[in-house]
1. Given the options SER315, SER351, name the one that is in a helix (DSSP H, G or I) and not β-branched (Val, Ile, Thr).
2. Within region 268-299, how many residues are of a type outside the set (A, V, I, L, M) and either in contact with a helix residue (DSSP H, G or I) (Cβ under 6 Å, 6 or more places away or on another chain) or not in a loop (DSSP other than H, G, I, E, B) (or both)?
3. All but one of (1) in a helix (DSSP H, G or I); (2) within 24 Å of the chain's Cα centre (by Cα); (3) surrounded by fewer than 14 Cβ atoms within 10 Å (Cβ to Cβ) hold for TYR137; which doesn't?
4. Under 20 Å from the mean Cα position of the chain (by Cα), buried (at least 19 other Cβ atoms within 10 Å of the Cβ), within 19 Å of MET277 (Cβ to Cβ) and of a type in the set (Ser, Thr, Tyr): does that describe THR338?
5. Please verify whether LYS76 is part of a helix (DSSP H, G or I) and either under 18 Å from ILE111 (Cβ atoms) or small (Gly, Ala, Ser) (or both), treating the condition exactly as stated.
6. Would you check which residues across region 441-477 are assigned to a loop (DSSP other than H, G, I, E, B) and either of a type in the set (Asp, Glu) or within 16 Å of ligand 3 (Cβ to nearest atom) (or both) and list them?
7. Which residues, counting only those in region 300-322, are within 15 Å of ligand 1 (Cβ to nearest atom) and not small (Gly, Ala, Ser)?
8. Name every residue in region 177-193 that is part of a helix (DSSP H, G or I) and surrounded by fewer than 19 Cβ atoms within 10 Å (Cβ to Cβ), in order of residue number.
Amino acid sequence: MLNLTTVDITKEKVGTLVIPVCEDKEIHKQKTVIKLVKEAKRLTGFKGSSKEEVTLYRPSGTKIHRVILFGLGQLKKTEGESLRISAGEAVKHCIKKGLSQIVIAVPAPEILKMELCELIEALGEGSVLGNHLFDKYKKEKKLKPLASIRLLVQPSAVEANEPLVSRVETICQGTILARDWVSMPSNDKKPDQFARSITQIAEKEKLNITVMDEKSLKRNKFGALLAVGAGSRSKPCMVILEYRPAGAKKTIALVGKGVTFDSGGINLKPSGSLDHMKSDMSGAAAVAATLITLARLKSKTRVVGLMPIVENMPSATATRPGDIVTSFDGRTIEIANTDAEGRLILVDAISYAIKTYKPHVLIDLATLTGACMVALGQRIAGAFTMDEELAQIISKASERTHERCWRLPLPEDYKEMLKSDFADLRNIGDSRWGGAITAALFLSEFVDGTRWAHLDIAGPSYIKKQSAYCGAGGTGFGVRLLCRMLEMLSVS
Ligand code: BES
Ligand code: ZN
Ligand code: ZN
């Protein structure tokens, strides 16, 4: 669906050409494109300011049916993310118009002071992600995604960038897969259904698959995970996907929180806090989609993804506040609050991952705390790690993908707050302050010296209103970030 093209817009027929335009500088080098920008500015008063948009029909001297010009604003403020946004907006505009094919003119890298690969990546991501619609549950599908998006580049750039374009498309398809899982309502993704949905796709990609059902979790003493699942009719499970390319030495483990619905359990959440708790499996969705993407990309890195999957419900069989359970690693945990369930399922998965796979690095993703959203808002994830190199990798990957992360501390003395009078640990801090930190510190108790990073994605995993290149619902946050991080980790 995403391709490069060198179509000659003066001679060959083009249905729709999209041109990104800056307000203070010509950013294209192709003569016809420059002429079209000038014409649009002269005829319509179009300036190229941010989000401005204008359409020309059948401009003279070309065989183009429709030219859509999109404003980027000032050149010095134009970067990867503004290109992603304008490509996303342009695609949405074309979908509304009922179009099916578009060509996007890629600006000259030297003028934007960016690498061509960065431009292609950003325009490709914005347009492919902006082309995704979640309409499975609508009887009448009013909008249809575009069938083809082509990026117009110089003939000399095609061959070298073809692998990149296919990579961008594959990673975006992974992001979309995660989005669809997150947006799916909880009545259609009970733990067993969600697990099956993951394994069905993983099978096609020939990943190594293990599913531990409730029996097997009991046999293996996953006490914390089982305690969270105890209140639901749908039984918990653990899905493990392994991608093992030949020749890879180091294993990287990814762990994703998979709570298919978080009611809070006996510590039932108030109404306002329940409304998008179907998204509490976003970490698992991102991890599963990343593993599937790595297989499709034929990546060289060996990765294992672990997804503890459960539904957190109140019932006569549910775990009670004050109950004490024994985790996989043998320590006891006092469950002071049944709504702090994510950390319980994560620590069992983390201990199991470390014991079984002895990973070189372990990264977990989880919609873990409302406190992280209080600290960083809805668009930035909290990043916790004691490893400086991992912190660097997260920061660089986050900058490149615009899946933003901000590092928060892991102060040793705050661990005091997790002491229990009756058990080895308590699952919440004794004060409500610093909730994202105490949650991360709880996890840190189980990493056993392994290089580890925790990403609290409670904020950016879900949006209530559509943005430039993401519809309302799951955002697929983490897939692009993890793919980039894994690439960097394999060289470091
Ligand atoms: N799933 C929630 C965190 C969450 C909140 C995710 C809002 C997305 C949006 C998590 O399980 C939870 O309930 N955390 C509690 C912890 C508290 C009981 C210590 C919270 O953040 O309030
Ligand atoms: Zn909860
Ligand atoms: Zn939760």
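The values are calculated or read from the model by the stated rules, or taken from the named source; none is laboratory data. Small disclaimer: the values here were computed from a predicted structure and weren't measured. Cβ: placed from backbone, ideal geometry, glycine included. Neighbour counts: every protein chain shown.
1. Of SER315, SER351, the one residue that is in a helix (DSSP H, G or I) and not β-branched (Val, Ile, Thr) is SER351.
2. Here is the first cut: in region 268-299, the ones of a type outside the set (A, V, I, L, M) are 269-273, 275-276, 278-280, 282-283, 290, 293, 296, 298-299.
Imposing the further condition that a residue be either in contact with a helix residue (DSSP H, G or I) (Cβ under 6 Å, 6 or more places away or on another chain) or not in a loop (DSSP other than H, G, I, E, B) (or both) reduces the set to 271-273, 278-279, 282-283, 290, 293, 296.
Count: 10.
3. It fails just one condition, (1).
4. So THR338 does not fit the description; no.
5. Yes.
6. GLU445, ASP448, ILE457, ALA458, GLY459, PRO460, SER461, PHE477
7. Across region 300-322, the qualifying residues are PRO308, ILE309, VAL310, GLU311, ASN312, MET313, PRO314, THR319, ARG320, PRO321.
8. Listed by number, the residues that qualify are ASP180, ASN187, ASP188, ASP192, GLN193.
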